[in-house]
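Data first, discussion second: the structure below is written as structure tokens.
The values are calculated or read from the model by the stated rules, or taken from the named source; none is laboratory data. Keep in mind that what you see is a predicted model, and the values were worked out from it rather than measured. Neighbour counts are summed over all protein chains in view; Cβ atoms, including those assigned to glycine, are modelled from backbone coordinates with ideal geometry. Side chains included, ligands, DNA and RNA excluded: accessible areas come from the protein's heavy atoms. Shrake-Rupley method; radii C 1.70, N 1.55, O 1.52, S 1.80 Å.
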Amino acid sequence: MSSEDAQQDGTGGAAEGRTVRVVLVDDHRMFRTGVQAEIGETGRTGVEVVGEAADVDQALTVITATRPEVVLLDVHLPGGGGVEVLRRSAAMMTDAERPVRFLALSVSDAAEDVIGVIRGGARGYVTKTITGTDLVDAIFRVADGDAVFSPRLAGFVLDAFASSDAPPIDEDLDRLTQREREVLRLIARGYAYKEIAKQLFISVKTVESHVSAVLRKLQLSNRHELTRWAAARRLV
């Protein structure tokens, strides 16, 4: 069987007797279960899922304990987001003998999300519309040190890194902390403060403080203006 045939029938590296160890990091359990079912038959795909995590702290614990070759990383996570996982995993990413490589797997195709995780050290970024077969292929390519992107996202990266001093993707957005960006997106999606608090594992009072900070930094008056601002930048 050729490598092309292996990709077409979803066998990935299994046809070559190779296994790539993977950790899934996503705050939606049902999504993790679906990915596990799609790619986790090691004998067929060559992918062995060795751990799962639902937030930043869990991710660091599992990644440190298992030292996978590839981490499938969601961008928006409780505890600081995918960028925070990357920041705290810097030493493992640069380990010469056993590097841990990250592939962002997210529903978001916003330019600032893509560029943020790539700047943080991820080797690629694919959206959750990817097929199981293509995801297996992406995992093996990232494990080999290649960069992998969903087709329409590659342009964001090329534009951002066209020069060594590429400007921020959005100066207004760069004023916000990672947590403030998370709150901003949830507010723009219509979440109530209590729902945001539950989603991010913080108190309602903390949510209110973040919203006030976002409105002040962006010079907006209320959540309706904030929603329009986010929608105009395709952050919703």
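Inspect all residues belonging to segment 166-176 and state whether any of them is open to solvent by 20 Å² or more (accessible area, probe 1.4 Å), modelled with pLDDT under 85, under 27 Å from Arg123 (Cα atoms) and among the small types (Gly, Ala, Ser).
Keep residues of segment 166-176 that are open to solvent by 20 Å² or more (accessible area, probe 1.4 Å), which gives 166-172, 174-175.
Filter once more, so that each one left must be modelled with pLDDT under 85: 166-172, 174-175.
Filter once more, so that each one left must be under 27 Å from Arg123 (Cα atoms): 166-172, 174-175.
Filter again for among the small types (Gly, Ala, Ser), leaving 166.
Taking every residue of segment 166-176 in turn, at least one turns out to be open to solvent by 20 Å² or more (accessible area, probe 1.4 Å), modelled with pLDDT under 85, under 27 Å from Arg123 (Cα atoms) and among the small types (Gly, Ala, Ser).
Yes or no, residue by residue, for (1) modelled with pLDDT of 95 or more; (2) on the phi > 0 side of the Ramachandran plot:
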{"position": "Thr11", "(1), (2)": "no, no"}
{"position": "Gly17", "(1), (2)": "no, yes"}
{"position": "Val23", "(1), (2)": "yes, no"}
{"position": "His28", "(1), (2)": "no, no"}
{"position": "Gly40", "(1), (2)": "no, no"}
{"position": "Val49", "(1), (2)": "yes, no"}
{"position": "Ala59", "(1), (2)": "yes, no"}
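For segment 51-63, which residues satisfy the criterion of being open to solvent by 40 Å² or more (accessible area, probe 1.4 Å) and touching a strand residue (DSSP E or B) at 6+ places or on another chain (Cβ under 9 Å)? First the steps, then the outcome.
Going residue by residue through segment 51-63, those that are open to solvent by 40 Å² or more (accessible area, probe 1.4 Å) are 52, 57-58, 61.
Glu52, Gln58, Thr61 - these are the residues of segment 51-63 that are open to solvent by 40 Å² or more (accessible area, probe 1.4 Å) and touching a strand residue (DSSP E or B) at 6+ places or on another chain (Cβ under 9 Å).
In segment 53-110, which residues are part of a strand (DSSP E or B), in contact with a Lys or Arg (Cβ under 7 Å, 6 or more places away or on another chain) and of a type outside the set (Ser, Thr, Tyr)?
The first filter runs over segment 53-110 and keeps only residues part of a strand (DSSP E or B), leaving 53, 70-73, 101-106.
Now restrict to residues that are in contact with a Lys or Arg (Cβ under 7 Å, 6 or more places away or on another chain): 70, 101-103, 105-106.
The answer is Val70, Arg101, Phe102, Leu103, Leu105.
Looking across segment 182-236, the residues that are assigned to a loop (DSSP other than H, G, I, E, B), open to solvent by less than 60 Å² (accessible area, probe 1.4 Å) and either in contact with a Leu (Cβ under 7 Å, 6 or more places away or on another chain) or within 24 Å of Glu84 (Cβ to Cβ) (or both) come down to Ile202, Ser203, Leu220, Leu235.
Return yes when Ala231 is farther than 21 Å from Asp57 by Cβ and touching a helix residue (DSSP H, G or I) at 6+ places or on another chain (Cβ under 9 Å) and no when it is not.
On the way: farther than 21 Å from Asp57 by Cβ: yes; touching a helix residue (DSSP H, G or I) at 6+ places or on another chain (Cβ under 9 Å): yes.
Yes; evaluated as a whole, the condition is true for this residue.
Just one of (1) part of a loop (DSSP other than H, G, I, E, B); (2) under 17 Å from the mean Cα position of the chain (by Cα); (3) aliphatic (A, V, I, L, M) fails for Ile118. It is (1). Residues in segment 64-77: is at least one in contact with a Ser or Thr (Cβ under 7 Å, 6 or more places away or on another chain), more than 27 Å from Arg152 (Cβ to Cβ) and buried (at least 19 other Cβ atoms within 10 Å of the Cβ)? No.
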